[in-house]
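> Below is one structure. I have some questions about it.
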Amino acid sequence: MTAEVLAGALMPAVIIAPIGVACVLLCLSRWLDRPFVDAIAFLAAVAVSVANGTLLAMSQQQRLVVWLGGWTPRHGLSVGIALVGDQFSLGVALVASVLMSCALAFSWRYFTDIHTHYHALMLLFLAGMTGFALAGDMFTMFVFFELMGVVAYALTAVKVEEPSAVHGAINFGIINSLGAYVTLMGIGMLYASTGQLNLAQLSRALAQHGADPLVVIGFVAVATGFLVKAAVVPFHFWLDDAHAVAPTPVCVLFSGIMVELGIYGVARLYWIGFSGTLAAGQIARMFVVMGIATALIGSVMCLLQRHLKRLLAYSTIAHTGLFLIAIGSFDPVATGGIAIYVIGHAAIKSVLFLTAGIVLNRYGSVDEFTLRGRGKDARAVGVVFMLAGLALAGLPPFAVGLGKGIGDEGLLSAGFGWGPLLFLVISALTGGAVLRAGARIFLGIGRAPRGVEQEGMTGDEEHREIATGLNHLPWTMAAPLFGLLGAGAAVGLIPGLGSQVVQAAERFIDRSGYLAAVLNGSATYSHVVTPVAGWSAEGIMWCFGSVIAAIAVAGFALYAPLLPRVITAAAGSLRGVERGLRSIHSGHVGDYAVWLLIGVGAAMALALFPA
Amino acid sequence: MTVYPYVVAAVILLLGVIGIARSRNLVHAVVCLAVAQSATYVLLISIGYQHGGVAPIFSSSSTAPKHMVDPVMQALTLTDIVVSATVTSLLLALTIQIAKQHDTVDPDELRSLRG
């Protein structure tokens, strides 16, 4: 009983507490000094992390279900709002709160000229992400999705005096809001068919209702908003604009967890709401096709960037594609592997963004070509950046490699023989792009670029986010940097983590268990025999394969002009493709809106036509 | 419920998106976004509507009416309107900043985020 009482207090608290602290900070902003504000916001994020960690530990034994206001179901029906905590939902909430703590600690010395509203927005952002992760019904998901969205638009444009920041924020705002409205239309359509909003009740009603085209369209519509947030092609255009211009600590949260929450939302929606009703083959086709497109376009665009933060943004898009493919394999092992991948990616991508922020502060630019060789005096930062680049490609013992290895196993057992190869190619391309940029900036090697390579957005126009360039690294900035890098490695080394996460994935996709927990109060997990998963010889081989391939990609990019003419001529014939891809990413919000419509149409076609 | 409200809502949403796509002014684009959102009001309200239904208000003294419109959908619509106000005001504020920083509000002339 005590566990339930504790959960009943903590689950609403992790959402309400950050909102409350944000309001108090805003009210008292006139009288509070900056260090106080920083300390209070940081402590609030740490407290939420501790609470999330406690809840996560409790959710090992049973699903935690809290009906707000005590509106518990009678005879399996309720009009109340449920918060549901299982290992996945509390896991993503924990990642969000830990990243928020790191970002707030980093902001302490990073911004000199920032006001309380930044801290308040960050805490509201945390509340939005936590609420979205824990919500047990579609409309509550939508509300927290919107809260997360609106706060994110504002955070993107925190530097209001910077022209590209406000431009990126409005593109982000319009496209994400459009996606959210499509989601709301879908929620309305599903409510019209079933009269339910709660995921568990919806799932049960849909199983009786059966799969008609309206239900499929409703599912795709609801998923659209989440896929926009997850930056799946062709909904991805906002992401590279927003990430390139948002302040660095905000990018950490965008790339580290907000985008992944979109994938989490789609997976939660499918498994709990629709896996008992819809034809699995068609939905799998929609996820896998969109995932492959996302991974390929993201990684190619990543290689074409010279703006460091934009490069990292495209790498996030590429990895999101991999996550969606693994979700679309409908395999618990692949799903578990991808969960570890998400944790590792959150840590490593955060490290990369923080390094980019330190580079911006020190040299006043994030442009790979402008900074060529300038970073030679920042050895520690350079080593961290290159190590993170290798970790992104899958270097053991980082968690990215562990997740990739387990994900490969799952994809193979699901019959996706091409899966490991695609994962290797994408890791090599994105890791290679990061290594190339790092080698240019911190080692000063490679040829000066010519011609078409110089096209695209430069990183010179970005303003410094603090008044003067820092020549040494304050500990409040170094601690999150090294802490996250260490965490990325430590998570990969936790013994037995693989098997545990695969078990959590089995529980995540267990629709009947979720329904029983929410509607009938039988919260214990059903027993399933889960395969042992962890570092395997084959997985490590694939990891080293992708690391070597990434180094090869970086070397090729750096020394391309030295190659025999046959190869450079062949590469030259791809320039047309490169120009085409660049011109699609136009920064024009009208184009993006059209792509959104095309994407909705394509997703519906993929989900509707029989496989 | 007939198919009619679905068609109206889809058309309004489409008009909003087309408006954003063809927009030469960000204020116009933001208003088109609000138009697209009004499609959701139409859909939600018409889903909750009952022919001959009354407002869903009861007290302990009166008996519950037989036909009433769905209060859940009205609550959803109200929340949706709040969201709309927030999004529209924030985006308009951003548009003002764009006008200050870029000296234009025409998306065709905003060139800072290419490639």
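> What does the helix-only formula give at 222 nm for chain A: each DSSP H stretch with n ≥ 4 adding -39500 (n - 2.57), the total divided by the residues, and the result rounded to the nearest 500 deg cm²/dmol?
That comes out to -23500 deg cm²/dmol.
> Additional query: Note down the net charge around B:Arg24, summing +1 for each Lys or Arg and -1 for each Asp or Glu among other residues with Cβ under 13 Å from its Cβ.
Working: positive: B:Arg22; negative: B:Asp106, B:Asp108, B:Glu109.
That sum, taken over residues with Cβ under 13 Å, equals -2.
> Shifting gears a bit: Which ³J(HN,Hα) values in Hz, rounded to whole numbers, follow from the phi angles of the stretch A:207-221 under the Karplus curve 6.51 cos²θ - 1.76 cosθ + 1.60, where θ = phi - 60° and Gly and Pro get x?
With the stated coefficients, the stretch A:207-221 comes to 4, 6, 5, x, 8, 9, x, 4, 5, 4, 5, x, 4, 5, 5 Hz.
> Can you list the aspartates and glutamates whose alpha carbon is less than 19 Å from that of A:Lys349, not counting same-chain residues fewer than 8 positions off?
Cα-Cα hits under 19 Å: A:Asp240, A:Asp241, A:Glu260, A:Asp367, A:Glu368.
> Determine the per residue accessible area of the stretch A:125-202 with all protein chains present and a 1.4 angstrom probe, expressed in square angstrom.
Working: 850 Å² over 78 residues.
Heavy-atom SASA per residue in the stretch A:125-202 reads 11 Å².
> Hey, another quick one. Would you mind telling me the share, in percent, of accessible area of chain B contributed by carbon and sulfur at probe 1.4 angstrom? Could the numbers behind the result be given before it?
Values: 4030 of 6130 Å².
Here it works out to 66 percent.
> Applying the Karplus parametrisation 6.51 cos²θ - 1.76 cosθ + 1.60 with θ = phi - 60° to the phi angles of the stretch A:226-235, what ³J(HN,Hα) value in whole Hz is obtained for each residue in order, glycine and proline being reported as x?
5, 6, 4, 4, 7, 6, 8, 4, x, 9
> If you wrap a convex hull around the Cα atoms of the stretch B:3-93, how much volume per residue is inside, in Å³?
Working: hull volume 7.8 nm³, N = 91.
Considering the Cα atoms of the stretch B:3-93, their hull volume per residue is 86 Å³.
> Moving to a separate point now. Consider just the alpha-carbon atoms of the stretch A:127-238 and return their Rg together with their Dmax, both in angstrom.
Rg then Dmax for the stretch A:127-238, in Å: 15.7, 55.
> Also, quick follow-up: Considering only protein heavy atoms and a 1.4 Å probe, what is the carbon-and-sulfur percentage of the accessible area of chain A?
On the way: 13140 of 19310 Å².
Result for chain A: 68 percent of the exposed heavy-atom area is carbon or sulfur.
> Also, quick follow-up: Per-residue mean of other chain beta-carbon atoms within 10 angstrom of the beta-carbon, peptide B:94-105? Display every interim value, and only then the final one.
Working: counts 15, 3, 2, 10, 8, 1, 4, 8, 4, 1, 0, 1.
For peptide B:94-105, the averaged partner shielding equals 5.
> Ballpark to the nearest 100 Å², how much total accessible area do B and A bury together, probe 1.4 Å? It would help to have the intermediate numbers written out before the result.
Working: alone 8170 and 21230 Å², together 25440 Å².
Chains B and A together bury approximately 4000 Å².
> How much area per residue is accessible in chain B when the probe is 1.4 Å and only protein heavy atoms are counted (Å²)? Kindly include the intermediate steps, with their values, before the conclusion.
On the way: 6130 Å² over 115 residues.
Roughly 53 Å² per residue, with all protein chains present.
> Something else about it: Rounded to the nearest 10 degrees, what's the angle between the helix A:280-303 long axis and the longest principal axis of chain A, both from Cα atoms, 0 to 90?
Rounded to the nearest ten degrees, it is 20.
> Give me the angle, in degrees from 0 to 90, between the Cα long axis of helix B:4-22 and the longest principal axis of the Cα atoms of chain B, rounded to the nearest 10.
The two axes meet at around 10 degrees.
> Counting Lys and Arg as +1 and Asp and Glu as -1, what is the net charge of the other residues whose Cβ lies under 13 Å from the Cβ of A:Ile174?
Net charge around A:Ile174: -2.
> Taking N as the number of residues in the stretch A:476-538, what value does Rg over Cα atoms divided by 2.2 N^0.38 Å take? Numbers along the way, then the final one.
Values: Rg = 17.0 Å, N = 63, 2.2 N^0.38 = 10.6 Å.
After normalising by residue count via 2.2 N^0.38 Å, the value is 1.60.
> How many partner chain Cβ atoms sit within 10 Å of a residue's Cβ in peptide A:188-196, on average, as a whole number?
Working: counts 17, 4, 0, 8, 9, 1, 0, 3, 1.
The shielding value for this peptide is 5.
> Give a residue-ordered list of calculated ³J(HN,Hα) values for the stretch B:49-56 (Karplus: 6.51 cos²θ - 1.76 cosθ + 1.60, θ = phi - 60°; whole Hz; x for Gly, Pro).
My calculation for the stretch B:49-56 gives 6, 10, 5, x, x, 10, 5, x Hz in order.
> Sticking with this one: For B:Ala34 paired with B:Glu109, estimate the spin-label separation in nm (one decimal), with each label point 7 Å from Cα along the Cα-to-Cβ line.
The answer from the label model is 2.4 nm.
> Which of the lysines could a cross-linker span from A:Lys159 if the Cα-Cα distance has to be under 20 Å and same-chain partners fewer than 8 positions apart are dropped?
Here the lysines satisfying the reach criterion relative to A:Lys159 are A:Lys309, B:Lys100.
> Now, a different point. Please give the helix A:419-438 orientation as an angle from the longest Cα principal axis of chain A, in degrees from 0 to 90, rounded to the nearest 10.
On a 0 to 90 degree scale, this one is about 40.
> Could you run the Debye sum over the Cα atoms of the protein assembly as shown, one equal point scatterer each and no solvent, and tell me log10 of I(q)/I(0) at q = 0.06, 0.08, 0.10 Å⁻¹, two decimals?
-0.32, -0.58, -0.94
> Could you work out the longest stretch of chain A that avoids the trypsin sites (Lys or Arg not before Pro) located in DSSP loops with at most 11 other Cβ atoms within 10 Å?
Working: sites that count: A:Arg30, A:Arg450.
Segment A:31-449 is the longest.
> Counting Lys and Arg as +1 and Asp and Glu as -1, each charge on the Cβ, what is the dipole of the protein assembly as shown about the Cα centre in debye, to the nearest 20?
Here the size comes out at about 820 debye.
> How well do other chains shield peptide A:576-583, expressed as the mean number of their Cβ atoms within 10 Å of each residue Cβ? Walk me through the numbers on the way to the answer.
Numbers: counts 0, 0, 1, 1, 0, 1, 2, 2.
Counting other chains' Cβ atoms within 10 Å and averaging over A:576-583 gives 1.
> Further question: Between the stretch A:41-89 and the stretch A:512-559, how many Å separate their Cα centres?
Between the Cα centres of the stretch A:41-89 and the stretch A:512-559 lies a distance of 25 Å.
> Over the alpha-carbon set of the stretch A:86-158, work out the extent along each principal axis and list the three values in angstrom, largest first.
Result for the stretch A:86-158: principal-axis Cα extents of 41, 23, 14 Å.
> Still on this structure, please answer the following. Could you do me a favour and compute the accessible area per residue for the stretch A:232-297, 1.4 Å probe, result in Å²?
13 Å²
The values are calculated or read from the model by the stated rules, or taken from the named source; none is laboratory data. Quick caveat: nothing in here was measured; it's all calculated off a predicted structure. Because the Cβ atoms are built from the backbone with ideal geometry, glycine has one as well, and the counts that use them run over all protein chains shown. For the accessible areas, the whole protein counts, side chains as well, though only heavy atoms, and no ligand, DNA or RNA atoms are used. Shrake-Rupley method; radii C 1.70, N 1.55, O 1.52, S 1.80 Å.
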